[in-house]
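Student: Attaching a single structure in structure tokens format; questions to follow.
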Amino acid sequence: MLALIMKENAVRESEIVNIIFTATPDINAAFPAEAARAIGLSAVPLLGAQEIEVVGAPRLCVRVVVFVDNGRHRDSVKHIYLRGAVGLRPDLVGVQTFGMLNVAIDGPAGAGKSTVAKGIALRMGLRYLDTGAMYRAVTWLALSQGVDLQDAAILSRLAREMIFDLNADSQLTLDGRVLGNEIRTPLVNVSVSLVSSYEELREVIVEKQRKLALRGGIVMDGRDIGTTVLKDAPVKIFLVADPRERARRRLVELRALGHDVDLEAVVLQIEQRDYFDSHRAVSPLRPASDAVIVDTTNLEVEMVISHILDIIARKKDAI
Ligand code: DC
């Protein structure tokens with residue numbers, strides 16, 4: 001990394017004032033002096049330090065800051081990112097910069113949105129919000145309180161009173177409690193499309209989602225993030241995949257949760273949900289005009305993540 005920093009910024013050893021190496025607390029051995037010597041820097045002052053823990057920051061990171069005296073302005077500095085890193089830690093850059101960007105990831109059920117969105121958030125040190133979980137939470141609470149799912153007004157009132165937040169690990173909390181698998185039962189699965197189709201309820205939930213995004217630096221996945229919730233997000237991705245492949249992925253998840261279901265039933269459910277989600281009157285599922293469509297049918301999760309990180313990096317260069 002040090003060699004690349006010097007090469008890409010055309011820095012000579014004689015221009016270096018000093019070098020600071022830092023590592024996140026989860027790295028317990030680093031050898032900065034050895035690294036400097038290995039590339040022929042023998043007389044440069046250097047300091048190695050451990051960073052303090054920063055909530056939400058990427059893990060297992062090493063940073064190298066090279067202080068130079070060559071008369072060039074710092075705006076011309078080229079930052080070097082290796083192994084999937086794509087930006088400065090969010091707290092190291094101003095709110096207006098790309099480091100605090102919002103990323104919108106939309107697509108139908110089972111296209112891989114949540115796994116991919118979580119992966120992107122982790123790599124970039126951003127927060128993550130699964131917006132479907134909020135509609136699921138309303139559905140689950142309504143079912144457990146015996147609320148009539150046809151009654152949009154009562155459901156909206158219920159939703160308005162729910163207090164959602166994200167904890168330090170980007171887990172969605174409802175009234176301070178982390179939401180778990182209770183919102184992923186087959187009953188919630190078949191009821192949530194109806195609940196999420198009511199206009200007034202959607203307005204309440206979208207407002208809560210926007211509040212969570214106010215600070216910036218969030219990856220949101222859902223159906224209407226690029227078109228409605230975060231219309232100004234600089235990066236919008238629309239994930240698609242063949243319905244059978246999506247059903248196969250859902251089946252694995254459902255079986256892991258102990259639900260005994262067969263593939264054909266899940267295919268049917270996915271197709272029905274696709275139809276319902278993309279034909280509803282309010283915020284139907286569709287890509288934003290400026291979204292990049294990524295087909296995940298034949299791609300491993302890691303490939304999808306690195307493809308999207310490339311899209312983000314290109315976008316960043318264009319800004
Ligand atoms: O992604 P999911 O399966 O957890 O979403 C649950 C339901 O919520 C799904 O039927 C579509 C709906 N939803 C929505 O309408 N808008 C969102 N932003 C996210 C989910």
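The values are calculated or read from the model by the stated rules, or taken from the named source; none is laboratory data. Computed from a prediction, not measured in an experiment: that's the story for all the values here. Using ideal geometry, Cβ is built from the backbone for each residue, glycine included, and neighbour counts are taken over all protein chains shown. Side chains are part of the model used for accessible areas, which takes the heavy atoms of the whole protein and leaves out ligands, DNA and RNA. Shrake-Rupley method; radii C 1.70, N 1.55, O 1.52, S 1.80 Å.
Student: Leaving ligands and nucleic acids out of the surface, order ILE19, ILE293, ILE27 by accessible area at 1.4 Å, largest first.
Tutor: ILE293, ILE27, ILE19
Student: Rounded to the nearest 10 Å², what accessible area does GLU53 show when all protein chains are kept and the probe is 1.4 Å?
Tutor: Per-residue accessible area (GLU53): approximately 140 Å².
Student: So for VAL282, VAL219, what's the accessible-area order with a 1.4 Å probe, most first?
Tutor: Ranking VAL282, VAL219 by accessible area, largest first, yields VAL282, VAL219.
Student: Using a Förster distance of 35 angstrom, determine the FRET efficiency expected from the C-beta separation of ASP26 and ASP151, and round it to 0.05. The partial results should precede the final answer.
Tutor: On the way: r = 49 Å, r/R0 = 1.40.
Efficiency for this residue pair is about 0.10.
Student: So what is the 222 nm mean residue ellipticity for the chain from helices alone, if each DSSP H run of at least 4 adds -39500 (n - 2.57) and you divide by all residues, rounding to the nearest 500 deg cm²/dmol?
Tutor: Result for the chain, helices only: -12000 deg cm²/dmol.
Student: Would you mind checking the radius of gyration and Dmax of region 260-319 based on alpha-carbon positions, in Å?
Tutor: 16.1, 49
Student: Could you calculate the FRET efficiency of ARG210 with GLU15 from 1/(1 + (r/R0)^6), where r is the beta carbon distance between them and R0 is 41 Å, rounded to 0.05?
Tutor: Working: r = 46 Å, r/R0 = 1.13.
Efficiency at R0 = 41 Å is approximately 0.30.
Student: What does the accessible area of LEU143 come to, in Å² to the nearest 10, when a probe of 1.4 Å is used?
Tutor: Surface accessible to solvent at LEU143 totals approximately 60 Å².
Student: Pairs of Cα atoms under 8 Å, at least six residues apart: use those to get the relative contact order of the chain, whole percent.
Tutor: Rounded, it is 20 percent for the chain.
Student: So what's the Cα pair-distance distribution over region 25-72, bin width 10 Å, in %?
Tutor: In whole percents, the pair-distance histogram is 20, 44, 28, 8.
Student: Out of all DSSP beta bridges with both ends in the chain, state the antiparallel percent to the nearest 5.
Tutor: The answer is about 35 percent antiparallel.
Student: So how long is each side of region 231-270 along the principal axes, counting just the alpha-carbon atoms, biggest first, in Å?
Tutor: 41, 20, 13 Å, listed from the longest principal axis down.
Student: Could you provide, to the nearest whole Å², the per residue accessible area of the chain with probe 1.4 Å?
Tutor: Values: 17030 Å² over 319 residues.
Here the per-residue accessible area is 53 Å².
Student: Further question on the same structure: On full extension of the chain, what length is gained from GLU161 through GLU271, given 0.36 nm per residue of separation minus the C-alpha to C-alpha distance?
Tutor: Stretched out fully, the GLU161 to GLU271 stretch lengthens by 36.4 nm.
Student: Largest first and in whole Å, give the semi-axes of region 135-199's equivalent ellipsoid, each being the square root of 5 times a Cα gyration tensor eigenvalue.
Tutor: Details: eigenvalues 82, 37, 19 Å².
In descending order the semi-axes read 20, 14, 10 Å.
Student: Based on the Cβ-Cβ distance of VAL178 and LEU60, what FRET efficiency does E = 1/(1 + (r/R0)^6) give at R0 = 25 Å, to the nearest 0.05?
Tutor: On the way: r = 25 Å, r/R0 = 0.99.
Approximately 0.50, to the nearest 0.05.
Student: Let me ask you something else. Rolling a 1.4 angstrom probe over the protein chains, ignoring ligands and nucleic acids, what is the accessible area of SER76 in square angstrom, nearest 10?
Tutor: Looks like 70 Å² after rounding.
Student: Same structure again: Report Rg/Rh for region 93-204, rounded to two decimals, where Rg is the Cα radius of gyration and Rh the Kirkwood radius.
Tutor: Radius of gyration relative to Kirkwood radius: 1.00.
Student: Which parts of region 193-219 would a label at ALA281 reach, counting a residue when its backbone N lies under 11 Å from a point 7 Å out along Cα-to-Cβ?
Tutor: So the set is 198-200.
Student: How do ASP165, ASP260 stack up against each other in accessible area, from largest to smallest, with a 1.4 angstrom probe?
Tutor: ASP260, ASP165
Student: In Å and from the alpha-carbon atoms only, list the Rg and Dmax of region 192-319.
Tutor: That works out to 16.3, 49 Å for Rg and Dmax.
Student: Pairing the Cα long axis of helix 263-279 with the longest principal axis of the chain, what angle in degrees results, from 0 to 90 and rounded to the nearest 10?
Tutor: 90 degrees
Student: Along region 208-219, what does the Karplus equation 6.51 cos²θ - 1.76 cosθ + 1.60 (θ = phi - 60°) give for ³J(HN,Hα), rounded to whole Hz, x for Gly and Pro?
Tutor: Here the 3J(HN,Hα) series is 5, 5, 5, 4, 5, 9, 4, 6, x, x, 9, 9 Hz.
Student: Explain nothing, just the number: dipole magnitude of the chain about its Cα centre with +1 on each Lys and Arg Cβ and -1 on each Asp and Glu Cβ, in debye rounded to the nearest 20.
Tutor: Dipole of the chain, to the nearest 20 debye: 580 debye.
Student: Another question, if that's okay. Can you work out the base-10 log of I(q)/I(0) for region 202-245 at q = 0.17, 0.18, 0.19, 0.30 1/Å, using the Debye formula on its C-alpha atoms alone?
Tutor: Taken in order of the listed q values, log10 I(q)/I(0) reads -0.52, -0.56, -0.61, -1.19.
Student: Using all alpha carbons of the chain, what is the percent of pairwise distances in each 10 Å bin, ordered from the shortest bin to the longest?
Tutor: 5, 23, 29, 20, 12, 7, 3, 0
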